[in-house]
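To keep things clear, I will list the structure first and then write my remarks on it.
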Amino acid sequence: MINRNRLFYGSCLALLTTAFAFTVISGIAFSVKSEFVLTNAQLGVFTGVFFIGFTISQAIFSPLCDIIGMRWIVRGAFVTHVVGAILIMSAQGYVVAVAGSLCAGLGAGLVEAGCNPLVAALYPDNKTSKLNHFHMWFPYGNLIAAILLTVVFANIGGGWRSQLLLVLIPAIGYGLMMFTAPFPQTEGVKAGVSVGESFKALFAPIMLLMLPMMLLTASMELPPSSWVPPVLQAGGINGLLVFGFVFGIMGTLRLLAGPVVKVLTPTGILFGGSILATLGLFLFSMAESTLMAFLTAAIWAVGIAYFWPTMLGYVSERNPKSGALGLGVMGAVGMLAAFFVTPWLGSVADDKGHDVLDAAVVVEIFEEVNSEFPGIAENTGVQAEDIMAVDASVTAVLSDYADSGELPRGATMQALRAVSGSGVELNAVTRAQEELNPADNEGGRRSFRTLAPFGFILILVFGLLLVRDLRAGGYRAEKL
């Protein structure tokens, strides 16, 4: 007998595990870098393969959901979540740590591939609301994990490896709830929709429209979220508090999705969210005080809160034949947006931040580094190679400056970061960070402003869809 509550709450616990894994991997990144002596590029691989794993498992298993069943996909999520946490916890080198991060990402993708169609099958008459209730556990999970890591784990000690327990505990919980539980058939299987028909439904006009919209809604939500803490921190504002504040708003709004969906309809939610997300991101880019950061972040958070689950609910209700495959493809497109847009925002921030730098001060800092670092490297031993690598990056910038009379864009910011993170006790190192902070803050906020205009596309498209619904007498979900 199908126990709907057991499966739904087990799905929520699975998504909580994904959120914990995401937060823990982000939180331990610099400790992993220090222990395994990684470059920034290697560190980027360690954190980035989580998103790659997510996309791979979504792309592979969403088309198989109707064939192998949701139960096996959720079982796979449990196994990969646990294996990923254990691999990172026990890693004695870089390769094993990366493999663990990849496994955790595969588990995250399998949760989406299995649990989104499961929720839709459990609540066929209330998909959008219940998908919002399900997805509230990602922002709440990030908030809970951030609190536990900063308050509990910071005080009990045990090092970064002990933080992986935060992933194992909920993983074991949803494993016990769902490993042996009977699962329903997907909506498509129950209605007799073939896999071929699901693939054909991917090319329905509404799907061809919503896939690029998923790319944009995810870009307005996920990449800025990951940049909020460092950008605000560089401006002297507690970015982690704002980060938690944003996720708290998102989780609470998703909890209240039921009545909101009834009043506004999914199309109205997407249209209103687009306006608020665009306005909020633009205003957020100008926030220079703590008060303004919280106020403008609140507008942006309300705007993006319903994007991801409502996009999934809309596709499931308006194109039900796409089934689990459609939900999986939508999720994969959204995560690809995060994977590509996040570094793009970083490159925009570096470019815009360069304009804030005082060339005379930067040259003075680099000349001191050029003068002092070689001698320091001679007396350092183990870290000599790293110190000389920093000196080489500074030398390259000074050479470009001597040739052109201008500091090279991109390379100058990177050289300042290298000097600041060198760990050398020198006045130039302190001054490098002082010069870098306002540049990182201004550049980061300007990158938000660069992203904001893409929201006008969302406003236009969702506005037209809303007008079409109103002319047709209101929003109507299609049923198989």
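The values are calculated or read from the model by the stated rules, or taken from the named source; none is laboratory data. On a predicted model such as this, the values are computed, not experimentally measured, just so you know. A quick note on method: Cβ atoms are made from the backbone with ideal geometry, for glycine too, and the neighbour counts reach across all protein chains shown. Note: areas computed on protein heavy atoms with side chains; ligands, DNA, RNA excluded. Shrake-Rupley method; radii C 1.70, N 1.55, O 1.52, S 1.80 Å.
Restricting the search to helices (runs of 4 or more DSSP H) fully inside region 303-410 and requiring at least 2 residues that are under 19 Å from F448 (Cα atoms) gives 323-354. The single residue among I73, I28, I2 that is hydrophobic (A, V, I, L, M, F, W, C) and modelled with pLDDT under 85 turns out to be I28. Which residues, counting only those in region 402-423, are over 18 Å from E385 (Cβ atoms), open to solvent by less than 70 Å² (accessible area, probe 1.4 Å) and of a type in the set (A, V, I, L, M)? L407, A411, M413, L416, listed by residue number. Any idea which residue in region 331-355 is nearest to the chain's Cα centre (by Cα), counting only those that are within 17 Å of Q414 (Cα to Cα) and surrounded by fewer than 16 Cβ atoms within 10 Å (Cβ to Cβ)? Only one residue tops the list, namely P343.
Residues checked against (1) modelled with pLDDT of 90 or more; (2) among the polar types (S, T, N, Q); (3) crowded, with 20+ Cβ neighbours inside 10 Å:
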site	(1), (2), (3)
K127	no, no, yes
Y140	yes, no, yes
V151	no, no, no
G158	no, no, no
L168	yes, no, no
F179	no, no, no
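Looking at region 436-448, can you tell me whether even one residue there is over 18 Å from G239 (Cβ atoms) and in contact (Cβ under 8 Å) with a residue 60 or more places away in the chain? If you could, list the steps in order and put the result at the bottom.
Just the residues of region 436-448 that are over 18 Å from G239 (Cβ atoms), to begin with: none.
No; the residues of region 436-448 include none that is over 18 Å from G239 (Cβ atoms) and in contact (Cβ under 8 Å) with a residue 60 or more places away in the chain.
With respect to (1) more than 21 Å from P182 (Cα to Cα); (2) surrounded by fewer than 19 Cβ atoms within 10 Å (Cβ to Cβ), the lone exception for M1 is condition (1).
Exactly one residue out of M207, M136 is in contact (Cβ under 8 Å) with a residue 40 or more places away in the chain, under 30 Å from I457 (Cα atoms) and open to solvent by less than 10 Å² (accessible area, probe 1.4 Å): that is M207. In the condition set (1) open to solvent by 50 Å² or more (accessible area, probe 1.4 Å); (2) at positive phi, D386 is compliant with all but (2). Across region 4-30, which residue is nearest to C103 (Cα to Cα) among those that are small (G, A, S) and open to solvent by less than 10 Å² (accessible area, probe 1.4 Å)? Among those that are small (G, A, S) and open to solvent by less than 10 Å² (accessible area, probe 1.4 Å), it is A21. Considering region 339-374 alone, what residues qualify as being modelled with pLDDT under 85 and within 16 Å of S422 (Cβ to Cβ)? Listed by number, the residues that qualify are V369, N370, S371, E372, F373, P374.
Among the residues of region 181-204, the one identified as of a type in the set (D, E) and surrounded by 19 or more Cβ atoms within 10 Å (Cβ to Cβ) is E187.
The criterion of at least 3 residues that are over 20 Å from the mean Cα position of the chain (by Cα) is met, among helices (runs of 4 or more DSSP H) falling completely within region 178-272, by 187-190, 195-201, 205-234. Would you be able to say whether some residue in region 241-256 is under 30 Å from A191 (Cβ atoms), touching a residue at least 60 places away in the same chain (Cβ under 8 Å), open to solvent by 10 Å² or more (accessible area, probe 1.4 Å) and not hydrophobic (A, V, I, L, M, F, W, C)? No, every residue in region 241-256 fails to be under 30 Å from A191 (Cβ atoms), touching a residue at least 60 places away in the same chain (Cβ under 8 Å), open to solvent by 10 Å² or more (accessible area, probe 1.4 Å) and not hydrophobic (A, V, I, L, M, F, W, C). Within region 43-52, identify whether any single residue is open to solvent by 70 Å² or more (accessible area, probe 1.4 Å), aromatic (F, W, Y), touching a residue at least 12 places away in the same chain (Cβ under 8 Å) and within 25 Å of H133 (Cα to Cα), and answer yes or no. No, region 43-52 contains no residue that is open to solvent by 70 Å² or more (accessible area, probe 1.4 Å), aromatic (F, W, Y), touching a residue at least 12 places away in the same chain (Cβ under 8 Å) and within 25 Å of H133 (Cα to Cα).
For K352, the criteria (1) out of contact with any Asp or Glu (no Cβ under 9 Å at 6 or more places or on another chain); (2) in contact (Cβ under 8 Å) with a residue 12 or more places away in the chain hold in every case but one, which is (1).
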